[in-house]
1. With angles folded into 0 to 90 degrees, how steeply does helix 121-133 sit against the dominant principal axis of the chain? Use alpha carbons for both and round to 10.
2. Using a Gaussian network model of the chain with C-alpha springs under 10 Å, which one of Val136, Val112, Val120 is most mobile by mean-square fluctuation?
3. Roughly how many debye, to the nearest 20, is the charge dipole of region 39-183 about its Cα centre, given +1 on each Lys and Arg Cβ, -1 on each Asp and Glu Cβ, and no other charges?
4. Taking square-rooted eigenvalues a ≥ b ≥ c of the alpha carbon gyration tensor, is region 19-158 rounded, prolate or oblate, where a/c under 1.5 means rounded and, failing that, a/b exceeding b/c means prolate?
5. Please compute the contact order of the chain in relative form: average sequence separation of alpha-carbon pairs under 8 Å and at least six residues apart, divided by the residue count, as a percent.
6. Against the longest principal axis of the chain, how steep is helix 42-62, in degrees 0 to 90 to the nearest 10, with axes from Cα atoms?
7. Sorted by mean Cβ packing within 10 Å, highest first, what order do the peptides 76-82, 122-128 take?
8. What number, rounded to the nearest 500 deg cm²/dmol, is the helix-based mean residue ellipticity at 222 nm of the chain, given -39500 (n - 2.57) per DSSP H run of at least four residues and division by all its residues?
Amino acid sequence: MATATTTGLITAEEFFRMPDPEDGSLQELVKGVIVTMPPPGGLHGACCLKVGRRVGNFVDDHRLGTTTSNDTGFVSERDPDSVLGPDVAFWSKERLPTVPSGYIEVPPDLAVEVISPHDVFTKVQKKVRQFLERGVRLIWIVDPEDRSVTVYKTLKESAILNENDTLGGNDVLPGFSCLVRDLLP
């Protein structure tokens, strides 16, 4: 379960300069407060890599923009600051012409979250809402245990795909498609 620090609010820039936690845990900044999550485990990592490779290769082959992984942070709000880090993300070159060394100031076109053993439904739904409210155009929630992907374009427009269904990139990644099972370890 995630925990928050009890110190004062910090900015995205201060958060960026902080060292990585010694225990390898993951962190996000939510309204100026650091939220720490335990490392997710092997199945999560293997699934993130498969999704990242599949999306990244497609993006590179078609010169569409930038794909990131490993919870690359983007500033989702200011005053107080929040920094969210999707497991895999894609930015079109129109939305992100150059990749900064710090946090990205614009939301990705596609955010992918891979469910980990520590995730709970309400936390995942909250993150989906945050992504959509901040301008993310397409969200994939990949569940390696359930062998499914839930696709969100809006809160009211979602679809659950099983491992034999075809996942498309919609207007965010035109021409992208693969079987859901191809994203799963």
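Only the coordinates and a few stated rules stand behind these numbers; no lab work does. Quick caveat, the model's predicted, so the values are computed rather than measured. Cβ sites come from the backbone with ideal geometry, for glycine too, and all protein chains shown count toward neighbours.
1. Between the helix axis and the principal axis of the chain, the angle is about 90 degrees.
2. Taking springs between Cα atoms under 10 Å, the residue moving most is Val120.
3. 100 debye
4. rounded
5. 17 percent
6. It is inclined by approximately 70 degrees.
7. 76-82, 122-128
8. Working: 3 runs with 40 residues, N = 185.
Mean residue ellipticity, 222 nm, calculated: -7000 deg cm²/dmol.
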